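Worksheet: one structure, shown below.
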Amino acid sequence: MHYCRFAKFLLVLLSLSLSACDLNFVANPTDTPISPGSSVFSLLEIQSNPDNALNIVFVPDTSYGDMSVLANRQAFLDDLEELIESSYWENQAYYINLAKFNYYYMNVTGSVAAPTSGICPSVTWPAQVNTDAAFADLVLLLHTNPLRDCRWGRKATSEPTSFRTVVHESSHALFDLPDEYCCDGGYRHKPPVMYSTSATCNSDPDNAAWRNCIPLNASNGTTWWRSEGSYSNNEIMISGGSTVFEMGRGDWFIAEDVLDSVGSPSVGTPSVFAPNNWNRP
C-alpha cells in the first residue's frame, strides 16, 4: 500500500493542504497493478479517473535491481517520496495544483547510458512503456549514474536527486515548454516564451505584461528571442541541478492552459514567478 500519513480522502477534499503531509510509500507483497497483468502500480492517485489528471509514471533503472524483490522496490519508493516532495512540491505551479496530478511507478526497469552521439543520453526503455503506460502524460526514467538528461515527447530522464532537472524535464513533457538556456537546448517558436524573430516577440499582446525580448544565440548559428521578464538563471527552464526554481510568466501562460484542460478542480495561479523563488511552507 502507498499512502500519505494523512488520510488520502482528506487530501482530495482539501485539495491537499499538504504542507503538513509526509509521504510514506510502503512496498507491500500484496500490492496489485492498476489492471491485471500490468507493470504499472499506483503511487499517489488523487484523481480516480486518469483522464482528469496529468499522469506521471516513474520507471527505475537497472541499478535498483530486480523490482520483484521487496527491498529493491522499497528503495525505489523511498527515492520517489523525496523526489515528489523536493521537486514537484517545491515548485509553486505544481504544488498548488497538485490535485491535478496522479503518480504511478513501473516494476520493470530501463537503462540510461552516456550518449553515443549528440548531447542526449542513450536510453533503453522497457517495452511496457508503450503498452501498460500508454495512458501516461509523462514517463520519467530515473537513473543513478550522472548524465545530462533530455526529453523525447512524453518520455524523459533524470537522476532522482536532481530535483530541478526533474521539474525541468517534466515541464518539457507535460507542458511542451521550450529550453531557455544558451546555447544548445531545444529551441522552437513557442509564444509567449520563445520567438523566431524579434518582431514577433515585440508585437505579441500575450507577453505585454512582462515583455523583455532578449536574443538567444544558439550554437547552430540561429537566433531566438526569449520573453520572460528579467533574464535570470533562477528560472525552471534555464537550468538543472538540485534547487528547484519557479516558472517564468510565459511558462505559466502555457502551463495554465494545459492544467485547465484536465477539468476540475480549478487552476490555482502561483503567487511567485521567476526570478524570485518560493519555499513550500
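No lab work stands behind these numbers, since they all come straight from the coordinates. Source: prediction; values computed, not measured. Cβ sites come from the backbone with ideal geometry, for glycine too, and all protein chains shown count toward neighbours.
A few comments on the model shown:
- Phi-based couplings in Hz for region 168-185 (Karplus 6.51, -1.76, 1.60; Gly and Pro marked x): 4, 5, 4, 5, 4, 6, 7, 10, 6, 6, x, 5, 10, 9, 9, 9, 10, x
- Dipole in debye (nearest 20) - the chain, about Cα centre, beta carbon charges: Lys, Arg +1; Asp, Glu -1: 200 debye
- Length, then width, then depth: along the principal axes, the Cα atoms of region 183-227 run 30, 15, 13 Å.
- Value of [θ]222 nm, deg cm²/dmol, for the chain, DSSP H segments ≥ 4, -39500 (n - 2.57) each, nearest 500: -6000 deg cm²/dmol
- Here the gap between A134 and S261, fully extended at 0.36 nm per residue and compared with their Cα-Cα distance, gives a gain of 43.8 nm.
- Nearest 10 degrees, 0 to 90: helix 249-261 Cα axis against the chain principal axis: 40 degrees
- By the count of other C-beta atoms within 10 Å, a proxy for reagent exposure, V108, V123 are ordered fewest to most as V108, V123.
- Relative contact order for region 183-227, counting Cα pairs under 8 Å that sit 6 or more residues apart, in percent: 43 percent
- In order through region 223-232: 3J(HN,Hα) via Karplus (6.51 cos²θ - 1.76 cosθ + 1.60), integer Hz, x for Gly, Pro: 10, 10, 10, 10, 10, 9, x, 5, 7, 10
- Antiparallel %, DSSP beta bridges [both residues in the chain], to 5: 60 percent
- Label point at T222 placed 7 Å out along Cα→Cβ; residues across region 79-122 whose backbone nitrogen lies under 19 Å: 118-120
- Fewest-first ordering of H189, H168 by other beta carbons within 10 Å of each residue's beta carbon gives H189, H168.
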